[in-house]
Amino acid sequence: MKMTEENNDGNSTITMEDVQSLIKKKDTIEEQIKAYYDVLEDQEVGMEGPLVDAEGFPRADVNVYQIRTARHTISCLQNDHKAIMVEIEEALHRLHALEKAKREQDQAESQTESMEQEVTLPSPFARVDAVSQGSPACQAGLQISDEIIAFGSINTGNFQNLQNIASVVQHSEGRPLNVTVIRNGQKTQMGLTPQRWSGRGLLGSVPRHNPISELYGQFL
């Protein structure tokens, strides 16, 4: 069951869509401010121009009411603009913090999964040092540096030496064997059929185990 903790400190989850919505509001306010400034410019008074004549009477050559309304609205919109700019800045900080936390969480989960996988993977008992082109091993998908954890009936629990693999190969000519290797930290399975080919041995691969056996060329 997934639960979401109620947040009362103002740090609720925010998305990029929320930030874009705030930016859209800011753009609308800026457009409104410009429109009212255009009204003042049309009457050539601006925000500070006098609205009375030399004798103290309202000027007859301008629309005093319209100018006062425009000036008041501009002041209010400018306050709104400052407020929404603060909102945008805070929203961006929160969004970046959330994204950073998400990245760190993803990295931690990835490391945990990797560690769990490393723990669950059995220890390899042999490593592939060479794979001949066109050989049965090559056709099966075996690669250099593959670490073998299962070869037919041989596994980490019952492996003693490379003679075990030799015996399995000699008694499985023409029959597919299930082979499991560790490749780049991942378990990989394949079917390998020991058989005669143009090269030496029945597999065309060279596994290594310490101490190094001299049986390679005889059956592999």
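The values are calculated or read from the model by the stated rules, or taken from the named source; none is laboratory data. Small disclaimer: the values here were computed from a predicted structure and weren't measured. We place every Cβ from the backbone using ideal geometry, glycine too, and count neighbours over all the protein chains shown. Just the protein is used for accessible areas: all its heavy atoms, side chains included, with ligands, DNA and RNA removed. Shrake-Rupley method; radii C 1.70, N 1.55, O 1.52, S 1.80 Å.
Laid out as a table, the results:
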quantity	calculated
Filter result (surrounded by 15 or more Cβ atoms within 10 Å (Cβ to Cβ) and not in a helix (DSSP H, G or I)) within region 58-86	Arg59, Val62, Asn63
Test: residue in region 90-105 that is outside any helix (DSSP H, G or I) and farther than 30 Å from Asp27 by Cα	no
The listed residue being of a type in the set (Asp, Glu), at pLDDT below 95 and open to solvent by 80 Å² or more (accessible area, probe 1.4 Å), out of Asp18, Asp38, Asp9, Asp53	Asp9
Failed item, numbered, when Thr112 is tested on (1) closer than 18 Å to Thr188 by Cβ; (2) surrounded by fewer than 17 Cβ atoms within 10 Å (Cβ to Cβ)	(1)
From the options Val62, Val169, Val131, residue that is aliphatic (A, V, I, L, M) and touching a strand residue (DSSP E or B) at 6+ places or on another chain (Cβ under 7 Å)	Val131
Residue in region 115-130 that is in contact with a helix residue (DSSP H, G or I) (Cβ under 7 Å, 6 or more places away or on another chain) and within 15 Å of Leu192 (Cα to Cα) present	no
Any hit, region 168-178, residues being under 39 Å from the mean Cα position of the chain (by Cα), modelled with pLDDT of 90 or more and not in a loop (DSSP other than H, G, I, E, B)	yes
Region 87-108: number of residues that are open to solvent by 90 Å² or more (accessible area, probe 1.4 Å) and of a type in the set (Asp, Glu)	4
